[in-house]
């Protein structure tokens, strides 16, 4: 049979999608994307948070290695290690002491070598060493420190501190004054005693885990008092700064306590939203057993407010905000306890409970016990 032009046109013609069909397909793809993308984003956020938690665990394991080789003592907040710069001794913060246990032994050896001296100089200038990025020390959600030279996302529990460090400044050389010997806590005496192994020193070191100088806080000290499971060792803080810094605000977090002109913590009150400690008067505290008691421990409906020290409170700047913080959902933070477990603390945690989690020996000085599952 002869094929006509009309037959060829009818049998060889290609039919494309209509506009309506294209719009339907596009709308289906858009709907599927809208359903899938949040799940992908949530999975990525969860993965970053898991990496952050694993970093904390690895740092905590390094601390455990350190304590096992130092009769249960924790590394100093700063001053555990140092180097000589010409004729000046320069101290490091606590992370440097853990480098040998974090697969950075070579970097540690260079960091403690002298610089500018006749012998023992490091292979690289310390300024170059300080720019090293240590992956385990930074959280991928911390945009202030992630992939930044010398960045640090994790901070140590430095206990209680006078509000504004007693001098109206944070994030300065005055951070070095944060020492248990210089915290004039209630000590049952009319005048402050803050030297040596005084009662005041023991009360001060009943808060926090890492301290400058000589410290009574050891693994056994915590275990025999409030318990390793109920004492926070490490936390996140987006406002931390550099792993080599000796300044408290760069490497630690602390609970700020209002003080009077004599440097003594203001007395706690039963009224709601109180930030004071103890129950005696400022000038003549009468009962050492209430030295760390907060309004939350007094009963009568009082609550304790941590002020700028509460979890994820507004930033005052890097090195200037001594509190846990993160960019995780809701401002919740990952923390690591002295017994080796890590978990997430809600940003809206009861602030009285949070105050107790910072003290390894708070019950000795008036604080209530807390649940073991916190």
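Computed from the coordinates by the stated procedures, all read-outs in this text should not be read as laboratory data. None of the values given here were measured: they were computed from a predicted structure. Cβ: placed from backbone, ideal geometry, glycine included. Neighbour counts: every protein chain shown.
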One finds the C-alpha centres of region 86-140 and region 332-369 to be spaced, in Å, by 32
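Note the full-extension length gain between residue 28 and residue 303 as 0.36 nm times their separation in residues minus their Cα-Cα distance, in nm to one decimal. Could you put the intermediate results ahead of the total?
Values: separation 275, 0.36 × 275 = 99.00 nm, distance 5.33 nm.
Length gained between residue 28 and residue 303: 93.7 nm.
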What's the extension gain from residue 112 to residue 46 if we count 0.36 nm per residue and subtract their Cα-Cα distance?
20.0 nm
Rg(Cα) / (2.2 N^0.38 Å) computed for region 78-136, rounded to two decimals:
1.07
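So if R0 is 22 Å, what FRET efficiency would residue 64 and residue 127 give, r being the distance between their Cβ atoms, rounded to the nearest 0.05? Mind dumping the intermediate values first?
On the way: r = 32 Å, r/R0 = 1.44.
Efficiency for this residue pair is about 0.10.
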Pair residue 19, residue 339: separation of 7 Å Cα→Cβ label points (nm)
6.9
Separation between the residue 271 and residue 350 pseudo-spin-labels, each 7 Å from Cα along Cα→Cβ, expressed in nm?
2.3
